[in-house]
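> Quick one: the structure is below, questions incoming.
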Amino acid sequence: MARESRPAHRLPVRRLTVLYDADCPLCVHLRHWLLRQPQLVPIDPVPANSQEARRRFPDLDHRSTLKEITVISDGGQVYRGTAAWIVCLWALAEHRPKAHWLATPAGAPFARVSVLAASKYRELTAAPCDGVCEAPSPSH
C-alpha cells in the first residue's frame, strides 16, 4: 500500500527561513527585530541570493528574493510579500493575534499598506540593484 503524503499547505509549520536583503538597512533592522522577539516558531534569517540560500533552496528564483521578502517553511510552503510578513508575525508569541487579524478581510488592507510603505522606504534607502544584485558577502 502506497504511503499517502500530505500536501505542503497542510503540513504543520515548525520552522521558518526568512530570506532578507543583507544590503538593505530596513531589512537588516527587521532581521534583528525578529530575532529579539519571543518566537513560537523558530525563525532562521538567511541573506537572500546568498550561497547558503541557494544551497538550501536550489529550485527557488533567488533573484526575485532580493525584490520582495520571501519566507519558506520547513514543510516547503513559500510565502512572498504581504503573506511573508504575516507569517513572520504569526511565528512571534506577542504578534500572533495581530497576524491572525491581518490575514482577515478586515486586516488585509492594513497588511498591504504596511508592506507597500516598507517597500517604498526600502526603495529610498537601499543601494540600487539596477536589475542585477550581487550575493551578499558572508560577513552579513
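The values are calculated or read from the model by the stated rules, or taken from the named source; none is laboratory data. Computed from a predicted structure; not experimentally measured. Each accessible area value is taken on the protein alone, full model and side chains, heavy atoms only, with ligands, DNA and RNA left out. Shrake-Rupley method; radii C 1.70, N 1.55, O 1.52, S 1.80 Å.
> Is region 9-99 best put as rounded, prolate or oblate by its Cα gyration tensor, with a ≥ b ≥ c the root eigenvalues, rounded for a/c under 1.5, and otherwise prolate when a/b is larger than b/c, oblate when not?
In terms of gyration-tensor shape, oblate.
> Here's a follow-up. For GLU94, what accessible surface area do you get with a 1.4 Å probe? Give it in Å², rounded to 10.
Rounded to the nearest 10, that gives 130 Å².
> Rank these residues by their accessible area, most exposed first, probe 1.4 Å: THR82, THR70.
Heavy-atom accessible area, descending, gives THR82, THR70.
> Something else: At 1.4 Å probe size, with every protein chain present, just tell me what the per residue accessible area of region 32-94 comes to in Å².
In whole numbers, region 32-94 has 50 Å² accessible per residue.
> Using Cα pairs closer than 8 Å and at least 6 residues apart in sequence, work out the relative contact order for region 12-69, in percent.
41
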